[in-house]
Amino acid sequence: LLLIYSKSGTKALDEKNSHAVFAQCRIDRMVFLLKKILPDVTEKELDHIYFIAMLSLLEGLMNVPMESLLHTLHPTHEIEDALITHTGVLGRVYAASLKMENSDINGAAILLKSYGITPEDISSWRP
């Protein structure tokens, strides 16, 4: 996945690898949502959301089981919970991002309502 992603920037925009574009959109969407929730987001929180996005992409695009990834990488409990049970702010961001990928803006808004996020906030994201 990282090789596909790294190669994607070497060609014209219209020739980018669709997997790389999908990956970048998920990462950007998750960062956008986290910054909406936490305007003063820390570098550590950003690192965690990038890591969650990348692991989720490995599972979805490369068919690597999440349990295998987590067993090998031993991430923090916060990251593991975000990926497995979609709990905590990072897990909610991940779950909302998945909803957005399926054009379920209202579903994403419901997941983030307790953080003060509205459907309008979510709809303001542009890739």
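The values are calculated or read from the model by the stated rules, or taken from the named source; none is laboratory data. What you see is a predicted model; the values in this text were computed from it and never measured. Quick reminder, even Gly has a Cβ in these numbers, built from the backbone with ideal geometry, and neighbours come from all protein chains shown. All accessible areas refer to the heavy atoms of the entire protein, side chains included, with ligands and DNA or RNA removed. Shrake-Rupley method; radii C 1.70, N 1.55, O 1.52, S 1.80 Å.
Checking the conditions here, which among Leu73, Leu38, Leu61, Leu111 is open to solvent by 20 Å² or more (accessible area, probe 1.4 Å) and under 15 Å from Ala23 (Cα atoms)?
Working: Leu73 fails: under 15 Å from Ala23 (Cα atoms); Leu38 fails: under 15 Å from Ala23 (Cα atoms); Leu111 fails: under 15 Å from Ala23 (Cα atoms).
Going through Leu73, Leu38, Leu61, Leu111 in turn, just one is open to solvent by 20 Å² or more (accessible area, probe 1.4 Å) and under 15 Å from Ala23 (Cα atoms): Leu61.
Could you tell me whether any residue of region 94-108 is of a type in the set (Phe, Trp, Tyr) and either open to solvent by less than 20 Å² (accessible area, probe 1.4 Å) or assigned to a loop (DSSP other than H, G, I, E, B) (or both)? Let's see the steps before the verdict.
Pass one, region 94-108, residues of a type in the set (Phe, Trp, Tyr): 94.
Among the residues that remain, those that are also either open to solvent by less than 20 Å² (accessible area, probe 1.4 Å) or assigned to a loop (DSSP other than H, G, I, E, B) (or both) are: 94.
Within region 94-108 (the criterion being of a type in the set (Phe, Trp, Tyr) and either open to solvent by less than 20 Å² (accessible area, probe 1.4 Å) or assigned to a loop (DSSP other than H, G, I, E, B) (or both)), the answer is yes, since at least one residue qualifies.
Which residues, counting only those in region 1-32, are at pLDDT 90 or above and under 17 Å from Leu55 (Cβ atoms)?
Of all residues in region 1-32, those at pLDDT 90 or above come to 25-32.
Scanning region 1-32 gives Cys25, Arg26, Ile27, Asp28, Arg29, Met30, Val31.
Of everything in region 47-89, what is under 12 Å from the mean Cα position of the chain (by Cα) and on the phi > 0 side of the Ramachandran plot? Give them in sequence order.
His86
Check Leu111, Leu90, Leu69, Leu83 and return the single one that is hydrophobic (A, V, I, L, M, F, W, C), assigned to a helix (DSSP H, G or I) and farther than 25 Å from Asp40 by Cβ.
On the way: Leu111 fails: farther than 25 Å from Asp40 by Cβ; Leu90 fails: farther than 25 Å from Asp40 by Cβ; Leu83 fails: farther than 25 Å from Asp40 by Cβ.
Exactly one residue qualifies, and that residue is Leu69.
For the structure I just gave you, tell me whether Thr85 is out of contact with any Gly (no Cβ under 8 Å at 6 or more places or on another chain) and polar (S, T, N, Q).
On the way: out of contact with any Gly (no Cβ under 8 Å at 6 or more places or on another chain): no; polar (S, T, N, Q): yes.
Judged against the criteria, Thr85 is not a match.
Where the second residue is at pLDDT below 95 and among the small types (Gly, Ala, Ser) and the first is within 16 Å of Trp125 (Cα to Cα) and lies in region 100-114, which pairs have Cβ atoms under 6 Å and are six or more apart or on separate chains?
Ile105/Ser123
If I filter region 27-46 down to residues being over 19 Å from Thr118 (Cα atoms), not in a loop (DSSP other than H, G, I, E, B) and not hydrophobic (A, V, I, L, M, F, W, C), which single residue comes out as nearest to the chain's Cα centre (by Cα)?
Looking at the filtered set, the residue picked out is Glu45.
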